[in-house]
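> Got a structure here, written out as structure tokens. Questions coming.
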Amino acid sequence: MKRLVSLIIVTVILALAVSPAAIASPSCSCGQSPIIFLSGLGSASLVRDAGTQDEQRLWKIDEAYLVSEFLKLAPSVPKLIANGDYDAFGDELIKTINTVFGDLALDGDGVSSERVTYELREYTSGEHGLDRDYYFAYDFRISPFETAALLKTAVETVKELTGHDKVSFKASSMGGVIAMAYLSAYGTEDIDKIVFINCPILGTEVAGELFTKQLEINKDALIRYGEQALPALDNDPIAAILYAVIEGLDISGIWDMLLLTADFFIDKLGEKVLNEAVIPIFTSMPGLWAFVSDLYFEQAKGAAINTETQAGLLSKINDYHYNVQNKASEILNNAKADGVCIYIIAGYDMQRTPLVPSYLNDSDGTVDTKYASVGAVVAPIRETFADGYTQAVDFSGINYISPDNHIDASSCALPDNTWFIKNMLHCNNHDGHRELYRLMFESDTQLTVFSDARYPQFLQNDKDNNTFYEVVPFENYTPMEQFMISPTLLNLVTLIAFLMKNFSILLIG
Ligand SMILES: [Zn+2]
């Protein structure tokens with residue numbers, strides 16, 4: 001009898017030992033799938049020679065290290081000025097870039113040097129909720145499919161720890177690329193909801209332009225770029241003064257002069273530095289190739305990939321481009337048909353870096369609005385559709401054109417589930433955003449742009465008050481606001497006329 005009891009005890013212990021999940025996590029009844037946060041490109045610190053004396057962070061790099069390396073260029077500057085020898089200076093600059101970033105380059109198969117590593121986060125707690133998500137950090141350089149495989153393991157761990165049979169993704173920027181690769185490779189079985197925030201699902205034009213070595217500086221774009229960096233333009237007197245200075249420099253022609261100098265350097269040095277340092281390093285990374293839009297993909301491959309020495313890399317980038325980016329609409333629609341709730345957030349009306357030909361593409365500053373929204377028709381930044389523009393896709397009278405006559409969402413992969421936030425800078429969230437995301441994660445059913453009157457399809461970001469309001473037509477702004485949004489001569493004249501009229505009313509009154 002005693003022996004039988006001990007046999008039973010041993011059996012029970014063994015059974016528990018082989019299936020720890022069975023006791024660790026009875027199924028959870030909170031009704032809220034645990035959320036895995038798929039962060040953007042900077043989610044993991046990449047470290048060279050970790051654990052040694054020479055340990056150096058290469059991504060999220062130490063500023064002191066960066067400055068000390070670039071300061072070594074200082075002695076070459078007087079020589080450059082004296083001899084005008086750009087090649088010699090270029091060589092020094094390239095050497096420095098390679099010292100600092102060279103070890104980030106992957107090999108011809110798109111595989112990292114063993115010297116460069118990062119720490120994969122381990123999840124140990126089963127605690128979960130809307131305010132407690134699981135942070136998924138990854139190496140942005142490798143193929144999104146390889147990252148998706150790591151994510152699959154993370155999904156299994158989270159399910160086991162929390163006792164849920166599904167998880168939700170909150171994807172920010174590049175996190176959306178990883179989510180898309182995940183859907184393509186592993187389907188929807190484990191997925192409850194996905195919120196995509198400013199994600200380059202169809203790429204971003206900047207990547208293709210850099211990979212095909214197209215650089216140009218546009219003055220108007222540079223001015224807008226400078227001005228949008230100024231906080232709360234309308235209420236801040238210092239910002240208003242800076243704004244006036246930026247505009248003043250423009251009128252006095254100083255910007256033109258500065259730009260000529262910048263163009264001169266780009267001409268003299270740009271091509272060499274791109275060819276010998278930037279392009280070889282960054283085009284070795286399949287993760288960054290996922291950002292190249294279809295518009296430039298073939299051209300960029302032709303320019304940057306050696307089909308013999310980089311065959312492995314080529315196959316990885318083709319795999320993502322043709323099977324995920326090119327099929328984004330199909331993947332998203334299939335996921336929705338499988339019952340996954342999908343939400344897409346795209347920002348607009350922010351000037352992107354003025355260094356590239358696509359400076360007129362409207363964006364959140366980083367990702368083109370047409371790509372983050374998976375297919376909207378978007379007018380050039382600060383412009384509206386021509387008179388008589390008709391919606392790209394007719395949905396029996398349902399209107400998908402923005403009140404500011406700037407975006408047509410009817411051609412989106414999921415027109416009913418795509419929101420546009422005017423003036424939202426790439427991945428800059430405030431409590432108003434978080435409230436919107438919370439609503440999306442909390443809802444048992446798929447919400448649409450018609451579900452909640454507080455959140456129509458087109459929202460104006462109100463950073464000062466942590467909220468949104470509905471986008472209003474341009475005519476509804478005051479002349480002062482119109483001039484601030486679009487500082488054209490016509491709007492200036494309108495503003496002056498308005499001020500004079502009001503001034504005379506004051507005098508008469
Ligand atoms: Zn739960």
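> How many nm separate the modelled label positions at D464 and T494, each set 7 Å beyond the Cα in the direction of the Cβ?
Here the modelled spin labels are 2.1 nm apart.
> Return the aspartates and glutamates within reach of K193: Cα separation strictly under 14 angstrom, same-chain partners fewer than 8 residues apart disregarded; answer none if there are no such residues.
D133, D165, D338, E442, D444
> What is the packing order of peptides 203-216, 368-381, 124-137, taking the mean over residues of other C-beta atoms within 10 Å and listing the highest first?
Working: 203-216: 21.2, 368-381: 23.6, 124-137: 14.7.
Top of the packing list down: 368-381, 203-216, 124-137.
> I'd like to compare 435-446, 47-58: which one has the highest average count of other Cβ atoms within 10 Å, and what's the full order after that? Mind showing how you got there, number by number?
Numbers: 435-446: 15.5, 47-58: 13.1.
Order by mean packing, descending: 435-446, 47-58.
> What are the ³J(HN,Hα) couplings of the range 173-178, residue after residue, when phi is run through the Karplus curve with 6.51, -1.76, 1.60 and θ = phi - 60°? Round to Hz, x for glycine and proline.
Calculated HN-Hα couplings, in order: 6, 4, x, x, 5, 5 Hz.
> Let me ask something additional. On a straight-distance basis, which lysines could pair with K301 in a cross-link, Cα separation under 18 angstrom, same-chain partners fewer than 8 positions away excluded?
K213, K316
> Out of P78, T204, F169, whose Cα points farthest toward the positive end of the dipole of the chain (charges: +1 Lys, Arg; -1 Asp, Glu; placed on Cβ)?
F169
> Something else: Pairs of alpha-carbon atoms within less than 8 angstrom and 6+ residues apart define the contacts here; what relative contact order does the range 97-174 have, in percent? Mind dumping the intermediate values first?
Working: 43 pairs, mean separation 19.1, N = 78.
The value is 25 percent.
> Still on this structure, I have one more. Report the relative contact order of the chain, percent, no decimals, based on alpha-carbon pairs under 8 angstrom and at least 6 residues apart. List each step's numbers first, then the result.
Working: 829 pairs, mean separation 76.2, N = 509.
For the chain, the relative contact order is 15 percent.
> Continuing with this model, one more query. Taking the 0 to 90 degree range and rounding to the nearest ten, how far is the long axis of helix 237-251 tilted relative to the main principal axis of the chain, both from C-alpha atoms?
The angle comes out near 60 degrees.
> Binning at 20 angstrom from zero up to the longest distance, how are the C-alpha pair distances of the chain distributed in percent?
19, 49, 26, 5, 1, 0
> With a/c under 1.5 counting as rounded, go ahead and sort the range 308-402 into rounded, prolate or oblate using the C-alpha gyration tensor (a ≥ b ≥ c being the square roots of the eigenvalues; past the cut-off, prolate if a/b is larger than b/c, else oblate).
On the way: a/c = 2.36, a/b = 1.25, b/c = 1.89.
Oblate.
> Taking every DSSP beta bridge with both residues inside the chain, roughly what % is antiparallel (nearest 5)? Can you show the working numbers first?
Numbers: 14 of 40 bridges.
Once the DSSP bridges in the chain are tallied, antiparallel ones form about 35 percent.
> Please state the relative contact order of the range 338-451 as a whole percent: Cα pairs under 8 Å, 6+ residues apart?
On the way: 183 pairs, mean separation 34.1, N = 114.
It rounds to 30 percent for the range 338-451.
> Something else about it: Taking only Cα atoms, what is the 0 to 90° angle, nearest 10, from helix 254-265's long axis to the longest principal axis of the chain?
With both axes taken from Cα atoms, the answer is about 50 degrees.
> Follow-up. Take every Cα-Cα distance within the range 369-432, group them into 10 Å bins from 0 onward, and report for each bin the whole-number percent of pairs it holds.
Going from the shortest bin to the longest, the percentages are 20, 53, 23, 4.
> Excluding same-chain residues fewer than 8 positions from K327, which aspartates and glutamates have a Cα within less than 15 Å of its Cα?
Cross-link targets: D294, D319.
> Additional query: May I ask for the net charge around V47, where only other residues with Cβ less than 15 Å from the Cβ of V47 are counted and Lys, Arg are +1 while Asp, Glu are -1? List each step's numbers first, then the result.
Numbers: positive: R48, R57, K60, R115, R121, R141; negative: D49, D54, E55, D62, D103, E114, E119, D139.
Summing Lys/Arg as +1 and Asp/Glu as -1 gives -2.
> Tell me the angle of helix 294-304 to the major Cα principal axis of the chain, expressed in degrees between 0 and 90 and rounded to the nearest ten.
Here the helix axis deviates by roughly 90 degrees.
> Another question about this same structure. Across the range 122-135, in residue order, what do the Karplus-derived ³J(HN,Hα) couplings come to in whole Hz, using 6.51 cos²θ - 1.76 cosθ + 1.60 with θ = phi - 60° and x for Gly and Pro?
Running phi through 6.51 cos²θ - 1.76 cosθ + 1.60 with θ = phi - 60° gives 9, 9, 10, 9, x, 5, 8, x, 4, 9, 9, 9, 9, 8 Hz.
> Applying a 10 Å radius around every beta-carbon, put 290-302, 394-406 in order of their mean neighbour count, most first. Don't skip to the end; give the middle numbers.
Details: 290-302: 19.5, 394-406: 15.5.
In decreasing order of mean packing, 290-302, 394-406 become 290-302, 394-406.
We did not get these values from a lab; they are worked out from the coordinates using the rules stated. None of the values given here were measured: they were computed from a predicted structure. Because the Cβ atoms are built from the backbone with ideal geometry, glycine has one as well, and the counts that use them run over all protein chains shown.
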